[in-house]
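Each remark here refers to the structure printed beneath this line.
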Amino acid sequence: MNERRNYTSAILGLGLLLAIGMAAAAFILGVQAKKAVSGQQSITVKGLAEKPIQADSAEWQIDIVVTDATQAGALKKLALEQNVVEAFLKKQGLEASTWVADVEQLLPHYEEVFVKDIPRQVQNGYDAIQTIHVTTNDLVKITAANKALLQLRIDNHPVTARSPNYLVSNLEEIKMSLIADATKNARMRATEFVKQDGIKVGVMKSASQGAFYILPVGGQVSDDSYGGTYDKSTIDKTARVVVTIVYNID
């Protein structure tokens, strides 16, 4: 008799637990369903903006390297060549206020000689080195001077020069302007994507800026320029920025 009662009690307890479990499951599913129905859908789009810009300053580096058997002789030659370069710069219309000369360097000069067909580096005199940095807003003069420097080399003056770096001073202002335009472009794209379905683009959910590019006119973004690029080789450039924006849609 007792066994029958215990069996009946167990059955009733199990049924009660199942009922509670089903109720709890129904409640959880109901909450999840409610969230799914009321959950806000979104759309992710990229916005692009670009515009032509121009460099407004330039940096140019000229190097002078002379060699002599003695330190004093090397420094004397260097001073003469520096005078030649400075006279050249003045002739190109670049005032003395636009350039600065580094401290002279004096280094051992090495030449390669062969001893029993084995190459060896042997000191033979000294190298005196001078670097002159030119900075100006007159891009026409700096470009002309870079071309005219070839004549100094033809006249056997030991000078070399890097191509000028053409720089843009208001990059932050340009970037902020492009971000605003790219954001407008992203919203237009989002609206175009969803208009066929009668859906409206809602508020911005999140936004992130991609790389900021300063490219030569007609230049393309390379595969290794993920962090952005800054072309300094040309005066005329194109500024470009891409943003990624997530919008809620209603």
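If the condition is being open to solvent by 60 Å² or more (accessible area, probe 1.4 Å) and either among the hydroxyl-bearing types (S, T, Y) or in a loop (DSSP other than H, G, I, E, B) (or both), then segment 86-123 contributes E95, S97, D102, V103, E104, Y110, K116, D117. Within the option set T67, T8, being of a type in the set (V, I, T), within 27 Å of N156 (Cβ to Cβ) and either at pLDDT 50 or above or open to solvent by less than 100 Å² (accessible area, probe 1.4 Å) (or both) holds for one residue only, T67. Here segment 124-154 is the region considered, the condition is being touching a strand residue (DSSP E or B) at 6+ places or on another chain (Cβ under 7 Å), open to solvent by less than 50 Å² (accessible area, probe 1.4 Å) and of a type in the set (S, T, Y), and the residue that is farthest from E112 (Cα to Cα) is T136. Checking each residue of segment 189-204 against the condition of being within 18 Å of the chain's Cα centre (by Cα) and either open to solvent by 30 Å² or more (accessible area, probe 1.4 Å) or without any contact (Cβ under 8 Å) to a residue 24 or more places away in the chain (or both) gives no match.
Of all residues in segment 155-167, those being free of Cβ contacts under 8 Å to residues at least 24 places away in the same chain and either open to solvent by 90 Å² or more (accessible area, probe 1.4 Å) or touching a Gly at 6+ places or on another chain (Cβ under 8 Å) (or both) number 1.
Residues in segment 75-85 that are of a type outside the set (D, E) and touching a His at 6+ places or on another chain (Cβ under 8 Å) were compared, and the one that is least open to solvent (accessible area, probe 1.4 Å) is V85.
Could you check, for segment 156-163, whether at least one of its residues is farther than 30 Å from Q41 by Cβ and in contact with a Lys or Arg (Cβ under 6 Å, 6 or more places away or on another chain)? Checked against the condition, which is being farther than 30 Å from Q41 by Cβ and in contact with a Lys or Arg (Cβ under 6 Å, 6 or more places away or on another chain), segment 156-163 yields no hits at all.
Taking segment 102-140 as the range and being more than 21 Å from A69 (Cα to Cα), in contact with a Phe, Trp or Tyr (Cβ under 9 Å, 6 or more places away or on another chain) and not β-branched (V, I, T) as the test, the residues that pass are H133, L139. Go through the residues of segment 30-39 one by one and say whether even a single one is modelled with pLDDT under 95 and not in a helix (DSSP H, G or I). Yes, that holds for at least one residue.
The values are calculated or read from the model by the stated rules, or taken from the named source; none is laboratory data. Values in this document were obtained by computation on a predicted structure and should not be read as measured data. Neighbour counts run over all protein chains shown; Cβ positions are idealised from the backbone, glycine included. Quick note on the areas: whole protein, heavy atoms, side chains included, nothing else; ligands and nucleic acids left out. Shrake-Rupley method; radii C 1.70, N 1.55, O 1.52, S 1.80 Å.
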